[in-house]
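Notes to accompany the following structure.
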Amino acid sequence: MLLNRRQDAERFLAHPDPAVRAALIFGRDLGVVRERAQDLAARVTARPDDPFDVALVSDGDLEEAPGRLVDDLMAYSLMGGRRLVRLRLSTERAGLDRIAAQALERHAAGEFNPEAFFLIEAGNLDRNSALRRAAEKAPGAVAIPCYEDEIGDLARLTREALAKDKLSLTADALDVFVRRLPHERGVARREIERLALYLGPGSGHVGTADELTDFLGVEPEASLADAAQDAFGGRLAAAQAGLRRAAQEGEGGPAAVRAMSQHLGRLRRTATLRAAGAELAEAAKASGVFWKNEREFLRQARAWDLAPIAEITPEVLAADRACKQTGSPDHLIGERLALTIAAKARRLGL
């Protein structure tokens, strides 16, 4: 059975169906896979870290002894209670995939120890995987795909982790922090732990957006986003300074052109929504404008309607093509595009 919806997966992980004997948890983000597997292991056996109750099998073990999986699934717990057989697949070899699939099908059908639970962790299995197909079809098994965390998931993860240390963030600070978090669960957790140490574990402190400035630092992407905003706001000197700062931080011309293209895309979406009857503030919010930049963006959106946006679009596309040519002066292309946009903005009254 495939548990593709998040709420179905979370419901099963919190209260596993006693009729299910095997679970496949898989996905690109191995941090999420590992966390969900750990949660499920704690639900299906009283002692998930006890070597007398739990058998841990790696793909290396399976290569050396293909029959070990069946032996472990047939064995009973030495201490009584439910046994857990945990297989971790770190490679996508077809041979191992088939061995695991056959063991899952037979165990789900009741051929081995009925008191054993078979838990498999794997990477991003495609629909051709025999293991994935077996877990989705077998009545006594479930397949749980794991996807990369979205902004809402990262916000919830941050709130819950900080609360354990009696810490929290203001709404603005939380927004700033989660937008800078990587979408890989394990790395994100380490960043949250680092933030907790910075704020002071157990202090009850509520972190603000200003406090996070020193902690987060300035990324090249932030410099480029600021440069794009300055260009479309008619502030050429500030835009060029931002581009040069980003260049010093390792970001070249293609990234600068991309940042200006993204800003233009937000202006275009806002103008399109306004033309359809939406209020300016509502249109800007729907376009994904960061709260800290909202006032400046609204100022620009009043001037950049669909007509000037259509006029500047070919310049942005031409710059993008030029950056992709071998030996092109990337930084000069980015600065020239910023000059063109800023000049247009000034003519629009910005």
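On the given criteria, is GLY110 open to solvent by 20 Å² or more (accessible area, probe 1.4 Å), under 19 Å from LYS137 (Cα atoms) and more than 30 Å from the chain's Cα centre (by Cα)? In short, yes.
Meeting the requirement of 2 or more residues that are modelled with pLDDT of 85 or more, open to solvent by 50 Å² or more (accessible area, probe 1.4 Å) and touching an Asp or Glu at 6+ places or on another chain (Cβ under 8 Å), the helices (runs of 4 or more DSSP H) wholly within segment 205-293 are 253-275.
Summed over segment 301-327, the residues that are open to solvent by less than 40 Å² (accessible area, probe 1.4 Å), more than 17 Å from ARG266 (Cβ to Cβ) and touching a residue at least 40 places away in the same chain (Cβ under 8 Å) give a count of 2. If you go through segment 45-56 one residue at a time, how many are crowded, with 19+ Cβ neighbours inside 10 Å and hydrophobic (A, V, I, L, M, F, W, C)? Result for segment 45-56: 2. For segment 40-59, the set of residues classified as at pLDDT 90 or above and under 12 Å from GLU121 (Cβ atoms) consists of LEU40, ALA41, LEU56, VAL57, listed by residue number. Can you tell me which residue is surrounded by the most Cβ atoms within 10 Å (Cβ to Cβ) among those in segment 169-204 that are at pLDDT 80 or above and among the charged types (D, E, K, R)? The selected residue is ARG185.
Taken together, the criteria exclude LEU337 from residues that are in contact with a helix residue (DSSP H, G or I) (Cβ under 9 Å, 6 or more places away or on another chain), more than 19 Å from ALA241 (Cα to Cα) and part of a helix (DSSP H, G or I). Scanning segment 142-159 for residues being surrounded by fewer than 23 Cβ atoms within 10 Å (Cβ to Cβ), in contact with a Phe, Trp or Tyr (Cβ under 9 Å, 6 or more places away or on another chain) and not in a helix (DSSP H, G or I) gives a total of 1. Counting only residues that are assigned to a helix (DSSP H, G or I) and either free of Cβ contacts under 8 Å to residues at least 24 places away in the same chain or farther than 15 Å from ASP214 by Cα (or both), segment 160-191 holds 18 of them.
Scanning segment 94-127 for residues that are under 18 Å from LEU2 (Cβ atoms), charged (D, E, K, R) and touching a Lys or Arg at 6+ places or on another chain (Cβ under 6 Å) yields a single hit, GLU121. Looking across LEU24, LEU13, LEU62, LEU3, one residue alone is closer than 18 Å to PRO114 by Cα, touching a helix residue (DSSP H, G or I) at 6+ places or on another chain (Cβ under 7 Å) and either at pLDDT 90 or above or not basic (Lys, Arg) (or both). It is LEU24.
Taken over segment 1-41, the residue count meeting the criterion of being part of a helix (DSSP H, G or I) and open to solvent by 60 Å² or more (accessible area, probe 1.4 Å) is 8. The set of residues from segment 47-86 being acidic (Asp, Glu) and in a loop (DSSP other than H, G, I, E, B) comprises ASP49, ASP50, ASP53. Being farther than 17 Å from ASP29 by Cα, in contact with a helix residue (DSSP H, G or I) (Cβ under 6 Å, 6 or more places away or on another chain) and of a type outside the set (D, E, K, R) holds for only one residue in ALA171, ALA130, and it is ALA130. Condition (residue is among the β-branched types (Val, Ile, Thr), open to solvent by 20 Å² or more (accessible area, probe 1.4 Å) and at pLDDT 90 or above) applied to segment 80-98: is it met by at least one residue? Checking segment 80-98: not a single residue is among the β-branched types (Val, Ile, Thr), open to solvent by 20 Å² or more (accessible area, probe 1.4 Å) and at pLDDT 90 or above. In segment 72-84, the residues that are closer than 20 Å to ARG106 by Cβ form Cβ pairs under 7 Å with partners that are surrounded by 14 or more Cβ atoms within 10 Å (Cβ to Cβ) and among the polar types (S, T, N, Q), at six or more places apart or across chains, as follows: LEU73/ASN113; MET74/ASN113; ALA75/ASN113; TYR76/ASN113; ARG82/THR45; ARG83/SER77; ARG83/ASN113; LEU84/THR45.
The values are calculated or read from the model by the stated rules, or taken from the named source; none is laboratory data. Computed from a prediction, not measured in an experiment: that's the story for all the values here. When we count neighbours, we look across all protein chains shown, and the Cβ atoms used for this are built from the backbone with ideal geometry, even at glycine. Ligands, DNA and RNA are stripped out before the accessible areas are found, and what is left, the full protein with its side chains, is counted by its heavy atoms. Shrake-Rupley method; radii C 1.70, N 1.55, O 1.52, S 1.80 Å.
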